[in-house]
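Before any comments, here is the structure.
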Amino acid sequence: MNSGIPSWLWIALTVGAAFAQTFRNAAQRHLTATLGTLGATLVRFLYGLPFTLLWLAAVALFGHNAWPALSNMFLLWVVLAAVTQLVAAALLVQVMHERNFALGVAYSKTDIMLVAIFAFFMLGEAVAPMVATAIGVGTLGVMLLSPADPQHPFKALLTGWTTRSALLGLACGANFAFSGVCIRAASFALPEVHFAMIAAIILFGAQLIQTLLLGSWLLARTPQTLVAIGREWRTSLFAGCMGATASVGWFTAVAIEPVAHVRTLGLVELLFGYVVSRRLFREKLSRREVAGMLLLTLGLVIVTLAR
């Protein structure tokens, strides 16, 4: 990979991506009412494609980066990243329909720990003790912020892990984690290419694959959803722009920094959303929620200092 990259760049990219994703999520939640979950998910890819293509062109032209020869291994990693991210999204939708969806969602957040395990076995990227501490502290904070049982959060996690909802949540987290490691592996497949260029190519390729796969599914199953997506083009365009902006940040950060670091710092998105939500509705925080936010913040501080 390229040398001379500022040590703070991955932090700025990750925080910026998390901020943009907060707006994307808000737009998608608004669209879910009219487009359904899968329709709102397609918007993220379909309307994001023009922006990712513009970014790819800008990186190539202004960065004077020639189009590289793409190896078969690189293409394989991109396809795996795109497909597993889609599978993870579908599993998350299924978790939401489960009777005990809160437990499933809680277990889906184990992707932060799983990504460190996958990166170690697939890429040989060992996790330093400080990063491992950040992952554990951050995950604990997330569990306290969104527990399956607010009264007994840890008991619910320990006793409910064999349920269908929990297993679906684990599968969801595993696919999100695997997708992130595949993106990192794809960046390693072309080591001579500038990190911004390789990230832009991976992003555009993954979004194109996801658009074709999910678009084809909706065309075959619910073609009226595609018509509705066209009618909601204004909000969809905003969601696509914010989604593309967030993805540029995520993919570029992963291209230059171990994915476990990026995914852990990416938890700042939950902090953004939680603070905005609480400020908007003027609700008081419970002791459990205060503890969760403090732990999450501590994890974010540790991972930024762990280099």
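Observations on the structure shown:
- All helices (runs of 4 or more DSSP H) inside the stretch 216-297 with 1 or more residues being at pLDDT below 80 and of a type outside the set (V, I, T): 268-281
- Listed by first and then second residue, the pairs with beta-carbon distance under 7 Å, at least 6 apart or on different chains, first residue in the stretch 281-297 and closer than 26 Å to V131 by Cα, second modelled with pLDDT of 80 or more and surrounded by 13 or more Cβ atoms within 10 Å (Cβ to Cβ), are G292/G141; M293/G141; L295/V137; L295/L140; L295/G141; L296/G138; L296/G141; L296/L267.
- Any chance A66 is closer than 18 Å to A255 by Cβ and under 20 Å from the mean Cα position of the chain (by Cα): no
- Subset of the stretch 179-198 that is touching a Ser or Thr at 6+ places or on another chain (Cβ under 9 Å) and among the hydrophobic types (A, V, I, L, M, F, W, C) - its residue that is nearest to L86 (Cα to Cα): C182
- Pairs meeting the criteria (first residue in the stretch 117-135 and in contact (Cβ under 8 Å) with a residue 24 or more places away in the chain, second residue of a type outside the set (D, E, K, R) and in a loop (DSSP other than H, G, I, E, B), beta carbons under 7 Å, at least 6 apart or on different chains) are A119/P258; E125/P258; A128/A306; M130/A306; V131/A306; A134/A306.
- Unique residue being buried (at least 17 other Cβ atoms within 10 Å of the Cβ), closer than 15 Å to R234 by Cα and touching a residue at least 12 places away in the same chain (Cβ under 8 Å) when the list is A18, A40: A40
- Qualifying positions in the stretch 146-176 - within 27 Å of V259 (Cα to Cα) and either in contact with an Asp or Glu (Cβ under 6 Å, 6 or more places away or on another chain) or modelled with pLDDT of 75 or more (or both): S165, A166, L167, L168, G169, L170, A171, C172, G173, A174, N175, F176
- Residue in the stretch 22-42 that is modelled with pLDDT of 95 or more, closer than 30 Å to T264 by Cβ, among the hydroxyl-bearing types (S, T, Y) and part of a helix (DSSP H, G or I) present: no
- Here A58 fits the description: surrounded by fewer than 14 Cβ atoms within 10 Å (Cβ to Cβ), aliphatic (A, V, I, L, M) and either modelled with pLDDT under 95 or part of a helix (DSSP H, G or I) (or both).
- Of all residues in the stretch 179-209, exactly one satisfies the criterion of being outside any helix (DSSP H, G or I) and crowded, with 22+ Cβ neighbours inside 10 Å, namely V193.
- The single condition among (1) crowded, with 18+ Cβ neighbours inside 10 Å; (2) modelled with pLDDT of 85 or more that L300 does not satisfy is (2).
- Screening the stretch 79-128 for residues that are of a type in the set (F, W, Y) and modelled with pLDDT under 90 and picking the one that is nearest to L190 (Cα to Cα) gives Y107.
- With respect to the conditions (1) under 25 Å from V268 (Cβ atoms); (2) at pLDDT 85 or above, L76 lacks only one, and its number is (1).
- Test: G138 is modelled with pLDDT under 90 and in contact with a Phe, Trp or Tyr (Cβ under 6 Å, 6 or more places away or on another chain): no
- Of all residues in the stretch 67-97, those that are part of a helix (DSSP H, G or I) and closer than 16 Å to I183 by Cβ total 17.
The values are calculated or read from the model by the stated rules, or taken from the named source; none is laboratory data. All figures in this text were calculated on a predicted structure; none of them were measured in a lab. All Cβ positions, even for glycine, are placed from backbone atoms using ideal geometry, and neighbour counts span all protein chains on display.
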